[in-house]
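Report on the structure given below.
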Amino acid sequence: MRSCKTLSLVLVVLALVVAFPAAGRCVVLNEYGDLFDAVLSNLVDNYAWELDEQGRPIVGNWDRDEMYDSTLFAPDILYRLAADPDFGDETVRAQMRTLARQTVNYEMGLLTRYLLGDDSVKLEAFAGAPCLIDALRASGDWIYNLILAGAMLMVRDIVSQEPNFLGEYMGYVCAYGLVGYYALSFADVEKHLTGQMAEEIGLQILNLAVQRHWVEEDGRFWPIYNLYEDGWMLMGLAYAYGATGNEEYKNMADLVMDEIDTNLWDAQNPGGGYWEYGPYMYKPELGRWKKLSTHERIARGMLHWFEVTGDPAYLDQARKMLDYTRDNLCVEDCYQPGRIMCYHHWTEVTGLPHVVSDESDPRYDPYYPHPFCTGCNFNLLIDIYLLNKFVQESGNYPRRIGACGTVVSVAAGQGSAAGASAAGAAVLALPALCAAVLKRRYRGRPGGGRRSQP
């Protein structure tokens with residue numbers, strides 16, 4: 001009986017803490033607005049949803065989602081638009097809200113299937129899970145809080161013991177940057193009960209990255225498999241700086257940008273763009289390559305550095321990457337004539353991956369069957385939206401990132417009341433239970449559940 005009362009108290013407290021999401025603010029898309037509108041309308045009109053083998057839509061599962069990241073990125077921008085009174089009319093905003101909820105519900109279904117023993121959805125479930133942060137921000141539903149807290153506990157242990165758990169394609173640095181960033185994002189949204197725990201996990205993960213992969217003499221993290229790994233780490237370092245004010249995070253981020261600007265920015269081409277560290281990984285004879293995900297992820301890092309410093313130079317850095325993307329990677333959709341989509345990459349020999357269809361042609365790109373990913377396009381929309389938001393609300397920055405206050409402790413003398421202490425214990429115990437279940441499922445998979453390179 002006592003445990004039931006404790007659980008009820010926890011759920012009530014969580015509901016009170018997060019049940020009132022902030023009202024949306026108007027954001028006018030003065031910069032890159034035409035590209036934003038063109039890509040968004042194409043995604044909504046033509047890529048919701050993937051069809052199953054019988055030709056029926058899989059509601060919530062975006063079509064052409066090559067890396068499972070539409071589930072990750074789509075709810076972020078869709079919830080923002082749904083809450084923005086300047087975006088369309090109420091019918092349009094309701095459509096955005098519905099699409100976001102359907103995507104989140106699809107992710108919840110994947111997590112449920114994985115917990116019940118379906119290993120086939122493990123990678124997809126893991127990839128999309130951070131979208132629950134957006135659902136928590138938008139709805140205040142306590143269930144997202146509990147699931148995210150449990151996931152944070154589980155991933156902290158996995159990264160500590162198996163730092164390349166995302167697989168070689170994603171890389172060590174990517175794993176640390178991604179997990180650190182999303183843990184701090186969760187702390188920034190939740191703020192109170194489990195937020196402090198998430199903040200501590202995020203900082204711990206990022207500090208492990210520094211200990212294991214920061215090369216002081218080179219001023220960079222290494223090894224890097226794909227340059228967008230630096231983008232994830234720049235995002236994580238920005239939020240770590242925003243949470244702590246520790247200048248070492250900023251110094252590392254500035255050194256990373258100096259290194260890639262000096263060694264990888266294509267200064268010979270008027271269009272610019274970042275080269276990857278090596279030749280095209282799927283067919284090296286196509287030469288060097290430039291990726292959409294690299295430019296949008298590093299742009300996102302620069303946007304978050306503005307968020308925590310207020311320095312407009314970071315906005316200019318983001319614009320440089322968005323300019324390259326708009327001018328070189330965003331063209332007519334090869335599947336939807338007259339519509340716009342932004343393509344996965346560009347190589348020296350072939351250009352965009354959909355140009356050569358003949359497999360016997362030496363210029364044929366192995367990415368021809370899937371030349372773009374809807375997830376990357378949603379992420380680009382987030383970049384454009386945040387750039388305009390930060391410009392229009394520049395007086396609100398810098399701002400502090402992360403939790404406020406501390407998690408209630410059950411230690412003697414540290415709780416203000418017995419009921420509050422019991423609630424605090426349950427807040428930590430419930431996610432821990434969820435984490436234990438997830439961890440058992442993860443470790444029960446042959447090979448530890450590591451991702452194989454596509």
**Request:** Would you point out the residue of the stretch 171-200, among those that are modelled with pLDDT of 80 or more and not in a helix (DSSP H, G or I), that is nearest to Glu107 (Cα to Cα)?
**Result:** Thr194
**Request:** Name the residue, out of Glu66, Glu50, Glu124, that is surrounded by fewer than 24 Cβ atoms within 10 Å (Cβ to Cβ), within 24 Å of Cys342 (Cα to Cα), free of Cβ contacts under 8 Å to residues at least 40 places away in the same chain and of a type outside the set (A, V, I, L, M).
**Result:** Glu50
**Request:** Give the residues of the stretch 308-321 that are touching a residue at least 24 places away in the same chain (Cβ under 8 Å) and surrounded by fewer than 23 Cβ atoms within 10 Å (Cβ to Cβ), sorted by residue number.
**Result:** Thr309, Gly310, Pro312, Leu315, Gln317, Arg319, Lys320
**Request:** Answer yes if at least one residue in the stretch 331-350 is touching a Leu at 6+ places or on another chain (Cβ under 9 Å), among the basic types (Lys, Arg) and surrounded by fewer than 24 Cβ atoms within 10 Å (Cβ to Cβ), and no otherwise.
**Result:** no
**Message:** When you scan the stretch 279-288, do you find a residue that is touching a strand residue (DSSP E or B) at 6+ places or on another chain (Cβ under 9 Å), at negative phi, at pLDDT 95 or above and acidic (Asp, Glu), even just one?
**Reply:** yes
**Request:** For Trp305, indicate whether it is in a strand (DSSP E or B) and either in contact with a helix residue (DSSP H, G or I) (Cβ under 7 Å, 6 or more places away or on another chain) or aromatic (Phe, Trp, Tyr) (or both).
**Result:** no
**Prompt:** Where in the stretch 327-411 are there strands (runs of 3 or more DSSP E), lying fully within it, with 3 or more residues that are more than 21 Å from Gly236 (Cα to Cα) and of a type outside the set (S, T, N, Q)?
**Reply:** 330-332, 340-342
**Asked** Does the stretch 203-218 contain at least one residue that is touching a residue at least 60 places away in the same chain (Cβ under 8 Å), under 24 Å from Ala125 (Cβ atoms) and crowded, with 20+ Cβ neighbours inside 10 Å?
**Response** no
**Prompt:** Only one residue in Leu255, Leu227, Leu203 is in contact with a Gly (Cβ under 6 Å, 6 or more places away or on another chain) and either closer than 26 Å to Ala318 by Cβ or at pLDDT 95 or above (or both), so which one is that?
**Reply:** Leu255
**Prompt:** Residues of the stretch 322-359 being more than 20 Å from Asp37 (Cα to Cα), in contact with a Ser or Thr (Cβ under 9 Å, 6 or more places away or on another chain) and touching a residue at least 60 places away in the same chain (Cβ under 8 Å), which ones?
**Reply:** His345
**Item:** Among residues of the stretch 288-311, those that are acidic (Asp, Glu), in contact with a Ser or Thr (Cβ under 9 Å, 6 or more places away or on another chain) and more than 23 Å from Asp327 (Cβ to Cβ), counted
**Value:** 0
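The values are calculated or read from the model by the stated rules, or taken from the named source; none is laboratory data. Every value quoted in this text rests on a predicted model; they were computed, and no experiment measured them. For neighbour counting, all protein chains shown are included, and Cβ atoms are generated from backbone atoms with ideal geometry for every residue, glycine included.
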